[in-house]
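Derivation of every value follows stated rules applied to the coordinates shown; laboratory data play no part. Fair warning: this is a prediction, and the values are worked out from it, not measured in the lab. Here Cβ is always computed from backbone atoms with ideal geometry, including for glycine, and neighbour counts include all displayed protein chains.
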Amino acid sequence: MSQTDARSNLERVLESGSFAVTAELGPPKGADPAVIRRKADLLRGAADAVNITDNQTAVVRMSSIAAALLAQQAGVEPVVQMTCRDRNRLAIQADLLGAWALGLRNLLCLSGDHQTFGNHPGAKNVWDIDSIQLLKIMADMGDRGVFANGEEVEGEPPRFFLGAAENPFAEPYPYRPFRVAKKVKAGARFIQTQCIYNMDRFREFMARLGDLGLLDKVYVLAGLSPLKGPGMAKYMRDQVPGMDVPDEIVDRMVAAGKGIDDKAERSKAFRAEGIRICIEQIQEVREIPGVAGVHIMAIEWEEAVRPIVEGAGLLPRPQPLPGAAEAG
Amino acid sequence: MIVAEQKPLDEILALTEGAERVAVLGCGTCVTVCFAGGEKEAEVLAASLRMRARVQGRSLDATHGVVQRQCEWEYLDAARPSLEGVDCVVSLACGVGVQAMVERFPELRTVPGLNTKFYGLPTEHGVWEARCAGCGDCVLGLTDGICPVARCSKSLLNGPCGGSQGGKCEISPDTPCAWHLIYERMEALGHLDRLAEIQPPKDWSPGPSGGPGRIVREDLRRGPPPAEESEPAQPSSLLAS
Ligand code: SF4
Ligand code: SF4
């Protein structure tokens, strides 16, 4: 297989200069493959690749790699998410050799949420390595064909298209762009950001990345999460660490339901407003220099992705190469 | 110091099940300083055990005592007379002290009265916080004296994660973010460039991951090691009689 053929669809779209779209697919709290297929149906053709979360918020779900393979078989290119919370360097490297062997090509390296947030708060965490060390290990594996201990990988080494996350809204704010620089130095080729609601701070963050000369070195996908209702907006504003939701957004969500008495109708109105806000956010981030695409995190609401992408004028997506989304 | 806190009374009482004469043995070192297992706490616990047992209709005699340091075999001999005829000791020492008791008095039943929590210090009256996790390969020199292993909830080595907000860790508004503290200190000292360096994966083998800790200082060892060096010092004949 030549180098070019091995590129993922996401990598090709980003390299071609098209504005990329990624989405998120949360695996089920169960073993039913039909759930993945149903979600894949909602996302196929609406995004260039789809992140498969890894025990997100420390809640046990179907494995990211297994769900990624199911998504790939269903014609949706996955981005495997790998956290450092649940596995040590042996397990991570072993699982990722397997992921590559199964034909998975995109990898997002994360530290992971603390297990106290999840449904097994008594679990022992791992954090043998952190996300930056994980990036470096996988970059070295791809570039130099070595494991974390320097030993050679047998045969063709995995060359994942490596990504990382960054939260422009976490403190200390001045450090965040430098953290991106560190992740790029470690091997990240794309960055997906935390959900953006505070556009001014995000603009500022992008400007700093520009000052650091990072915008030619890494593709930044702006993270957006459509709101389902004022409850979710308030929850994100008040309860989720590292989230910055301005009051205007919350007020807008509240206002969307004003005067609607029927519960179902009100919920519909909230969701329509959430989608509208997200479409406007896409227009805004497209104007910001250096933004290479959007990462739409419609949490347990995969139905929202297509109308958002369509509403933002981003359909149709560039055609994947034949066979690009198939295992092999 | 080693910081510990007392187990719930009913749990301690249950641990002594079947015993009629219980001795509560405090320790005069770390756990005295953190008000968990000193003489005073031993006295109060002995009284509480007696009362609680009476309520439950159980016959229990509980006395109390303290040794200067429960984590060294030699210091335990001072407690020997007070343990005569006792059929269960509730140790109010850290986990090291409990085991030192078991090793010094192997025929005596010793149960823990404390939960040993961490190596730390008091940050205000009545508040203790972890400072060290005994990782065996100290990185304080890289982080300007603030430990990311014990004080970052994820033991990260390359800077703050995305959950850091308002100087607090994502796990709780009561937990300072270690990396926020490190950042501020590096900034104040003009060392922020250090944060740009990628710290490689840590070698955890010098700490608990490498198996039970053991240090041998040949310069301090006296004479040839005893034939069965893993055996505890001579067992007490206290209970054999
Ligand atoms: S780096 Fe290791 S030895 Fe040093 S304070 Fe932290 S846990 Fe203790
Ligand atoms: S918020 Fe700070 S202390 Fe907590 S896990 Fe993240 S970096 Fe570590």
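Points to keep in mind about this one:
- Among residues other than residue B:198 with Cβ under 12 Å from its Cβ, the summed charge is +3 (Lys and Arg +1, Asp and Glu -1).
- Across peptide A:161-170, the average count of Cβ atoms from other chains found within 10 Å of a residue's Cβ is 2.
- Charge sum, other residues only, whose C-beta stays under 13 Å from residue A:306's C-beta, Lys/Arg counted +1 and Asp/Glu -1: -1
- Mean separation of Cα contacts under 8 Å, 6 or more apart, over the residue count of chain A: relative contact order %: 20 percent
- Across all C-alpha atoms in segment A:106-147, the radius of gyration and Dmax reach 13.3, 39 Å.
- Shape call, segment A:161-244: gyration tensor on alpha carbons, a/c limit 1.5: prolate
- By the count of neighbouring beta-carbon atoms within 10 Å, fewest first, B:64, A:120, B:125 end up ordered B:125, A:120, B:64.
- The charge dipole of the protein assembly as shown, taken about its Cα centre with unit charges on the Cβ of Lys, Arg, Asp and Glu (plus for the first two, minus for the last two), comes to roughly 800 debye.
- Within the listed set B:77, B:219, B:193, the residue fluctuating most in the Gaussian network model of chain B (springs between alpha-carbon atoms under 10 angstrom) is B:219.
- Couplings for segment B:53-63, taken from phi via the Karplus curve 6.51 cos²θ - 1.76 cosθ + 1.60 with θ = phi - 60°, read 5, 4, 4, 7, x, 9, 8, 8, 10, 10, 10 Hz in order; Gly and Pro are left as x.
- Nearest-ten-degree value, helix A:33-43 long axis tilted from longest Cα axis of chain A: 60 degrees
- Surface/4 of the Cα convex hull for segment A:80-193, nm²: 7.6 nm²
- Fully extending the segment from residue B:220 to residue B:61 would add 52.9 nm, taking 0.36 nm per residue of separation and subtracting the current Cα-Cα distance.
- All-pairs Cα distance distribution in segment B:2-118, expressed in whole percent, bin size 10 Å: 16, 53, 28, 3
- Measure of compaction for segment A:187-230 (Cα Rg per 2.2 N^0.38 Å): 1.31
- Annotation: amide H-H contacts under 5 Å for residue B:89 (H modelled 1.01 Å from N, sequence separation of 5 or more, or interchain): B:23, B:109, B:110, B:111.
- Stokes-Einstein, applied to the Kirkwood radius of segment A:222-328 over Cα pairs at a viscosity of 1.567 mPa s and 4 °C, places its translational diffusion at 85 µm² s⁻¹.
- Spatially, segment A:5-50 and segment B:120-155 are offset by 41 Å when compared through their Cα centroids.
- Sequence-distant residues sharing a close amide H with residue A:191 (under 5 Å, placed H): A:164, A:219, A:220, A:221
- Working note: Cα atoms of chain B, range along each principal axis, descending, whole Å: 67, 52, 24.
- By other beta-carbon atoms within 10 Å, ranking B:119, A:175 with the fewest at the front produces B:119, A:175.
- Rounded to whole Å, sorted largest first: equivalent-ellipsoid semi-axes of the protein assembly as shown, Cα gyration tensor: 54, 28, 23
- Alpha-carbon spread of chain A, three principal axes, descending order, Å: 66, 46, 45
- Listed from fewest to most Cβ neighbours within 10 Å, the set A:156, B:43 follows the order A:156, B:43.
- All C-alpha pair distances within segment B:133-210, sorted into 10 Å bins from zero, spread as 19, 51, 28, 2 percent across the bins.
- Taking amide H atoms as placed 1.01 Å from N in the peptide plane, the amide H of residue B:132 lies under 5 Å from those of B:119, each 5 or more residues away in sequence or on another chain.
- Three-way shape call for segment A:1-85 based on the alpha-carbon gyration tensor, with the a/c threshold at 1.5: prolate
- Net charge contributed by nearby residues that have their C-beta within less than 11 Å of residue B:34 (K/R +1, D/E -1): -1
- Cross-link table A:263/B:154; A:182/B:117; A:228/B:117; A:185/B:168; A:29/A:182, entries beyond 32 Å C-alpha to C-alpha: A:263/B:154; A:182/B:117; A:228/B:117; A:29/A:182
- Helical mean residue ellipticity (222 nm; -39500 (n - 2.57) per DSSP H run of 4+; nearest 500) of the protein assembly as shown: -10000 deg cm²/dmol
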